[in-house]
Amino acid sequence: MFFIYEMCQKIILYILKIFYFFIKDKKFRRFVYLRDSEIFLKKIKDLKVESGKEIYWFHVASAGEMEQAIPVARKLSKDLNVQFFVTYYSPSAEPFLKNFPNIIVALGLPIDIRKIYIYAIKKMNIKKIFFVRYDIWPSLFYVSKMNYLQINLLSASEKKTKNGIFGYFSAKWNKKYYKNIDNIFAVSKEDFKYFSKINANSNVYLAGDAKWARAFERANSLSEKKLEYDFSCFFSFCLDQKKLMQKKCIVFGSPHKEEHHISILLTSLLNEYFIIYVPHDVKEESCGKIKKEFEEKNCKVIFYSEIVKFLKSNLIEENNTNFNLKYDLEMDKNYQINKNYNVYNLKYNAHYLADFLSQYEVIIFDKIGYLAEIYEVADVAIIGGGFDGQIHNVLEAAAHAVPVLLGNSFHRAREAADLVNSEAAISFQNPNEMFQFLVQWVSLKEKGSDSTQHPSIRLSQARTKTIELFKSIPDTSEIILNTLLQQGVKKRNL
């Protein structure tokens, strides 16, 4: 059975390599490169393993799972002094590797072949493997079991990202592996019950979702902020739009068709709103079409890549302080401050004249990797995909206590459902309802209003509920650490 399966894997790789020479898309070419087993083996063979330290294997599918693994790995690294071998399936995980602690090597998972994994496990003397969410491969799982690795499943959830026939077969496929996993760390009470029924022999724990902890960690970790001078200037520019121009800032995060429609409607209210539009596709052609639509509404729109050329020359240094830091509360004492390149330095000292600020009403952010940081300046965040069931990450905004507005098709995204059910996010039946909410926010008189339905009150309540929800989330990393420690004590006492 495995022979046929692995032969199919090799055939698929051969076909992909043929397409590699004709398809110039960088993501596709990188994906094919990562599947090469010879490259994988060579890097493992060249690896120098430090004796005396245990190595745990973490495997993730893509960026989302990588973010869930990082806080757990940090906890294990700090308290158990272990190192990590990291594999991933999608190239989207690569930008986040810099945040993963104590990596001895990180590689794309090659085609699913047993002999490759056997060599890797023996070379590094791996004792534990951690799968995150759903990405379980037959040969890798089989080899892990045959080599007596402790198999752990993090952020385990019954809910799948796929619906229909693919979701059905995916659930059936994974069930046979769930029955043979040593530790399952479930996301919710429902997931805990689900996995407990599948396998009474497994150790199933209610551990929450590490994605929440990671989002909160990123939002509050100065060391991971975007500290480039250009972005620092832009951050100050946005704050001045709010403070000096008295505008409310709306960030559109990866908007789909419906959210895009709302952004265009808001051009009639740009005397009250300042828009930061962050498209999912930042290619020149795609961004150009978006800009043209805003221009047709006679609004003042510019790309981030264009405005940064003007920000530095229009920057005002307050009292010629050379951007001296004015506060200590958010600053890590061990963090070395670069006076000219720290966003939290410019944030409180750099300003722009009203004449310059009034030239811009909409910024299209045509650069990737900044959305989580941009949310910090928002008064509200409108997340794409909420009306068509393909909702994007809501936690990046929520972690900054920014109220999230989204459509009513959010149920496939557990974290979005948790936010809405906890009244930490506001859901709308259709785009027009959301638009009317935004109109009322700036048009209705707030003073003396005792209506709980007033947008300002609802947004304030959502902000408070968001903070409470993050505080109530289980400490996933602590639960996993304590579980492993307790099992280690039991094993030594046997």
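The values are calculated or read from the model by the stated rules, or taken from the named source; none is laboratory data. Computed from a predicted model, the values in this text were never measured in an experiment. Every residue, glycine among them, receives a Cβ derived from its backbone with ideal geometry; neighbour counts consider all protein chains shown.
Taking residue 194, is it surrounded by 15 or more Cβ atoms within 10 Å (Cβ to Cβ), within 17 Å of residue 135 (Cβ to Cβ) and free of Cβ contacts under 8 Å to residues at least 40 places away in the same chain? Taking the combined requirement at face value, the residue does not satisfy it.
Which of the residues belonging to segment 261-296 are surrounded by fewer than 16 Cβ atoms within 10 Å (Cβ to Cβ) and of a type in the set (Lys, Arg)? 283, 289, 292, listed by residue number. Residue 117 passes every criterion in (1) in contact (Cβ under 8 Å) with a residue 40 or more places away in the chain; (2) buried (at least 21 other Cβ atoms within 10 Å of the Cβ); (3) among the hydroxyl-bearing types (Ser, Thr, Tyr) apart from (1). Restricting attention to segment 447-469, the residues being surrounded by 12 or more Cβ atoms within 10 Å (Cβ to Cβ) and modelled with pLDDT under 85 number 1.
Condition check: at pLDDT below 95, small (Gly, Ala, Ser) and in the same structural domain as residue 241 (by TED's automatic domain parsing). Does residue 422 satisfy that? For residue 422, the condition - at pLDDT below 95, small (Gly, Ala, Ser) and in the same structural domain as residue 241 (by TED's automatic domain parsing) - is met.
Entry remark, segment 236-251: residues being in contact with a strand residue (DSSP E or B) (Cβ under 7 Å, 6 or more places away or on another chain) and within 27 Å of residue 393 (Cβ to Cβ) number 9 in total. The set of residues in segment 370-423 that are of a type outside the set (Val, Ile, Thr), within 14 Å of residue 278 (Cα to Cα), over 13 Å from the mean Cα position of the chain (by Cα) and not in a loop (DSSP other than H, G, I, E, B) comprises 376, 381.
Yes/no per residue for (1) within 27 Å of residue 410 (Cβ to Cβ); (2) in the same structural domain as residue 416 (by TED's automatic domain parsing); (3) assigned to a helix (DSSP H, G or I):
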residue	(1), (2), (3)
95	yes, no, yes
112	no, no, no
130	no, no, no
135	yes, no, no
139	no, no, yes
148	no, no, no
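The residues in segment 46-62 that are of a type in the set (Asp, Glu) and without any contact (Cβ under 8 Å) to a residue 12 or more places away in the chain can be counted, and the count is 1. Selection of first residues in segment 26-45 that are in contact (Cβ under 8 Å) with a residue 60 or more places away in the chain and outside any helix (DSSP H, G or I) and of second residues that are among the β-branched types (Val, Ile, Thr) and surrounded by 14 or more Cβ atoms within 10 Å (Cβ to Cβ), restricted to Cβ pairs under 7 Å at least 6 apart or on distinct chains, gives the following pairs, ordered by first then second residue: 35/111. Screening the candidates 344, 327, 370 for the property of being at pLDDT below 55, surrounded by 13 or more Cβ atoms within 10 Å (Cβ to Cβ) and closer than 30 Å to residue 459 by Cα yields one hit, 344.
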